[in-house]
1. Determine which single condition Pro94 fails, assuming it passes every other condition in (1) touching a residue at least 40 places away in the same chain (Cβ under 8 Å); (2) surrounded by fewer than 19 Cβ atoms within 10 Å (Cβ to Cβ); (3) closer than 25 Å to Leu32 by Cα; (4) not hydroxyl-bearing (Ser, Thr, Tyr).
2. Quickly run through region 1-34 and pick out the residues that are exposed (fewer than 13 other Cβ atoms within 10 Å of the Cβ) and outside any helix (DSSP H, G or I).
3. Residues in region 196-210: is at least one in a helix (DSSP H, G or I), over 26 Å from Pro116 (Cβ atoms), of a type in the set (S, T, N, Q) and out of contact with any Lys or Arg (no Cβ under 8 Å at 6 or more places or on another chain)?
4. Identify, from the list Val281, Val235, Val228, the residue that is in a helix (DSSP H, G or I) and touching a Ser or Thr at 6+ places or on another chain (Cβ under 7 Å).
5. Going through region 265-293 one residue at a time, which ones are among the small types (Gly, Ala, Ser) and either in contact with a Leu (Cβ under 6 Å, 6 or more places away or on another chain) or farther than 27 Å from Gln181 by Cα (or both)?
6. Can you name the residue in region 155-183 that is modelled with pLDDT of 95 or more and β-branched (Val, Ile, Thr) and, of all such residues, is surrounded by the most Cβ atoms within 10 Å (Cβ to Cβ)?
7. Right, Leu167: closer than 24 Å to Arg98 by Cα and part of a helix (DSSP H, G or I) or not?
Amino acid sequence: MFSIYLFTLVTFLWGLIATPVSIGLAQKFRLLDIPGGRKKHQSIMPRGAGIVLWSGYLLWALFVGNPGVEVPFIATGATIVFIVGYMDDMHPLPPLLRLFFHLAAAAWVSYPLPVPLWQRVLIIFWITGTTNAYNLIDGMDGLCLTVTLITSIIALFIGNAYVWMPLAGLVFGVLLWNFPQPKTFLGDGGSTLLGYVCSSHLAWSIFPDLFGKGFFSIALVLFFIGGVPVIDTLVAMTRRILTKKSPFSPDRGHAHHKLLDNHFSKMQTLFILGGAHLVLVLIGLRLLGIKIL
């Protein structure tokens, strides 16, 4: 058990110490988030936190040993997702190209799952959707990282602590540089990486409990354990379709935008959405037959 705490301390320190280094690199190579349009931050912000998350996760996967057969698959897929997102941060890529690589990464990590084909296909689409949903909620300081932190803490009760505790440590170390006064942003590379890593590890944590369950039962479980990112994204896309807009068109209609525009502070918004995410994930696990509280 001591080794788990040691790994968690190391990943936390990596996030805490490597983030300011990444900030300097992002400024040097002009990987910057420029305010304007839907973006309400007042100053130019370096997007360097993503590379800290990716490198920290990869180093953990390489040097900790093999805490699960899935880790090499997830680490490889996470690298694909991060590189695509990082390239998109520098020069916007076609949406279909990004989607192709996200589907490929989801298929790669789902391939060795010992589940029926139809469950594997469902999980592939869920991982792909969650990867993008985490990116879409990354519109407020600390939100994407907080959601990941909450997911990791809950998952400690159902999965491999050697995975979830170091991930929580890494995320918390970066969070201290992103909230309440942000010094850096995640960028698409960082937010999609978190969505992919969370959903992939969750899929591997819960798959033994999926046996004997039907399509709609599993879909409902995945809907809830996707939490705020998945539900908020589905609501936003439905609203856009009903108003005859493209479901992928950006706007300020996400839950965090609504709360901020209605004069909730960033801290209040974070508590509201973090609390909602906690409840949703717990409901999903309860539907799966896993009781935590």
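1. For Pro94, the exception is condition (1).
2. Of everything in region 1-34, those that are exposed (fewer than 13 other Cβ atoms within 10 Å of the Cβ) and outside any helix (DSSP H, G or I) turn out to be Met1, Phe29, Arg30, Ile34.
3. Taking region 196-210 first, the residues in a helix (DSSP H, G or I) are 196-210.
Imposing the further condition that a residue be over 26 Å from Pro116 (Cβ atoms) reduces the set to none.
Within region 196-210 (the criterion being in a helix (DSSP H, G or I), over 26 Å from Pro116 (Cβ atoms), of a type in the set (S, T, N, Q) and out of contact with any Lys or Arg (no Cβ under 8 Å at 6 or more places or on another chain)), the answer is no, since none of the residues qualifies.
4. Val281
5. Within region 265-293, the subset among the small types (Gly, Ala, Ser) is 265, 274-276, 284, 289.
Once the filter is applied, which keeps residues that are among the small types (Gly, Ala, Ser) and either in contact with a Leu (Cβ under 6 Å, 6 or more places away or on another chain) or farther than 27 Å from Gln181 by Cα (or both), region 265-293 yields Gly284, Gly289.
6. Val174
7. Judged against the criteria, Leu167 is not a match.
A quick yes/no check of all residues on (1) in a helix (DSSP H, G or I); (2) in contact (Cβ under 8 Å) with a residue 40 or more places away in the chain; (3) of a type in the set (Phe, Trp, Tyr); (4) surrounded by fewer than 19 Cβ atoms within 10 Å (Cβ to Cβ):
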| position | (1), (2), (3), (4) |
| --- | --- |
| Gly50 | yes, yes, no, no |
| Leu58 | yes, no, no, yes |
| Leu62 | yes, no, no, yes |
| Ala78 | yes, yes, no, no |
| Ile83 | yes, yes, no, yes |
| His102 | yes, yes, no, no |
| Pro114 | no, yes, no, yes |
| Trp118 | yes, yes, yes, yes |
| Leu145 | yes, yes, no, no |
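The values are calculated or read from the model by the stated rules, or taken from the named source; none is laboratory data. Quick caveat: nothing in here was measured; it's all calculated off a predicted structure. Reconstructed Cβ throughout: ideal geometry from the backbone, glycine too, with neighbour counts over all protein chains shown.
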